[in-house]
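Working notes for the structure below.
The values are calculated or read from the model by the stated rules, or taken from the named source; none is laboratory data. In this text the structure is predicted, and so the values were computed from the model without any measurement. In this analysis, Cβ positions are derived from the backbone assuming ideal geometry, glycine residues included, and neighbour counts consider all displayed protein chains. Remember, those area values only see protein heavy atoms, side chains included, never the ligands or the DNA or RNA. Shrake-Rupley method; radii C 1.70, N 1.55, O 1.52, S 1.80 Å.
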Amino acid sequence: MWERVSGPGPEPEPVHEPAHATQPPTAHAPTGAAPVQEPTAPEPHVQQPVAPQRPVQQPPVQELAVQQTPVQQPPAQEPAAQQRPVQQPPVQEPTVQQQPVQQPVAQQQPVQDQAPAAPADSPAPGSVFTPRERPAAPAPEPSLEAVRASASSATPASPDAILIRRTMTEIEPVADKVTSYFYALLFVQYPDLRALFPASMDTQRDRLFKALLTAAQHVDDADVLTAYLANLGRGHRKYGTVPDHYPAVGECLLAALGRYATSSWGPETEAAWVRAYTAISQIMIDAASADEAVAPAWWHAEVVSHELRTPDIAVVTVRPDQPYPFLAGQYTSVETPWWPRVWRHYSFASAPRSDGLLSFHVKAVPAGWVSNAMVHRARPGDVIRLGAPGGSMTVDHTTRSGLLCVGGGTGIAPLKALVEDVAEHGIHRPVEVFYGARSDHDLYDLDTMLQLEKTHPWLSVRPVVATGPAARGGTSSETGQLPDAVRQYGPFREYDAYLSGPPGLIRSGVDALVGAGVPADRIRHDSVEELVAAGD
């Protein structure tokens, strides 16, 4: 149910299969999704929580008074569902062996026949995928890292924040046990919610819990927290999340914390968590209700072009069935008809286009459910689903600062979009692109970047390969590690820096950029933790 904010990249996933591996699923089968037999492999993290040695008497959990704020809807819209009060029974210890978790599988609707694919540069006459006028793009939202960073500015901390942070400190050494207990309790007491989650919980199990805990820990910074949670609330519409689900999650959250935070837990601490969770859930509910009036929960998008650049990298272009607003540098979540309820994040590989088409660079990774489907199975005419756009790696067009773009592998996709965005806005500012890969063969989009360099005199492209001879073309070509190449051409004190690629590159790249003179507050990248959580 909780979404990761991420960028593109490889998606290491469980060997027993689905992928960029597991956004929480939708409550309803996607329209046009083919019937799929869900994997039946056991879920070690969810169905095997650490069993207590003896029954533990849980204190009654305070009722989470989450109320949905009425939102004015247009006459054609149905009013958002009213939240019903949730009676919270005393928490029972989940015993999976005696009370197995039911895993209902959502009924899938048969795939509707699609019209023959139209050329990538022109919509099919009369098609529902004909692009319409593009709506205004949403403002980029803060990442989890921005939420965490904001905590230091909240001084002094409120009494609730102090109590919450004490709980966080106590449960940190046993975070895996707390997470497993939380999910076991949720699925035992509310088995219907299991259908909202994908078959494999290996990645998803951490994402929801971490998002909740991080938000509660930084409850003092209302502005940053509201922007972050509002985006989560909007994004969770695609999973089928409704207001009634929030009290159930809150009840199990408090029960898990109360069981493991034995030293810090008490009536005052519990009350602080109730207040924090009530505020968190209300922000998400209100944002989802407001978004319902102006945007769909998801977009269907028809594949119009599929180009295999290497044996495991494809450039996939799709046409959404409705106008899709986004900003260059952002990403979206993707679900394929072959793996319902499994979502992965991919960055847009171009700036918004007048024809409404969207492109993604996808690398197939071992056991990657979505990535392998997109690279090896998707063909023109297939229909995928897209979630709402996310990410804050966007260009500030109110300044003339130079752009320093560092991308590895398919991380070049959002950087290419940023270059196009700068060109479209007509402000000629220096843009330095360092494009890294293992070898010259892996620089699959170098020709495109070199063509952009020829067209725009303010752009410099520097290919960097780890092994083998230096790549051809570009302002300069280097052999070695990408961060070392960036340091060599510094300093870049007057530049805004953008990093895109796998988590290891992000971590080493930040150090390299700081070493090259870029102020830390001018370095933009998708959250490293969220990249890891999403399998990027």
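Structural remarks
- With respect to (1) outside any loop (DSSP other than H, G, I, E, B); (2) open to solvent by 10 Å² or more (accessible area, probe 1.4 Å), the lone exception for V362 is condition (2).
- Checking A349, A301, A276, A314 one by one, the residue that is under 27 Å from T179 (Cβ atoms) and crowded, with 20+ Cβ neighbours inside 10 Å is A276 and no other.
- Looking only at region 462-476, and only at residues there that are surrounded by 20 or more Cβ atoms within 10 Å (Cβ to Cβ) and of a type outside the set (D, E, K, R), the one that is farthest from M449 (Cα to Cα): V465
- Leading residue by the ranking (nearest to H376 (Cα to Cα)) among those in region 301-334 that are within 18 Å of the chain's Cα centre (by Cα) and assigned to a strand (DSSP E or B): V334
Conditions (1) under 18 Å from F197 (Cβ atoms); (2) open to solvent by less than 20 Å² (accessible area, probe 1.4 Å), marked per residue:
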site	(1), (2)
K238	yes, yes
T241	yes, no
D244	yes, no
C252	yes, yes
A255	no, yes
Y260	no, no
S264	no, no
E270	no, yes
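- Restricted to region 196-222, and to residues there that are open to solvent by 20 Å² or more (accessible area, probe 1.4 Å) and more than 19 Å from the chain's Cα centre (by Cα), the residue that is modelled with the lowest pLDDT is Q217.
- As for region 347-359, it holds at least one residue that is under 17 Å from the mean Cα position of the chain (by Cα) and either within 30 Å of L193 (Cα to Cα) or at pLDDT below 95 (or both).
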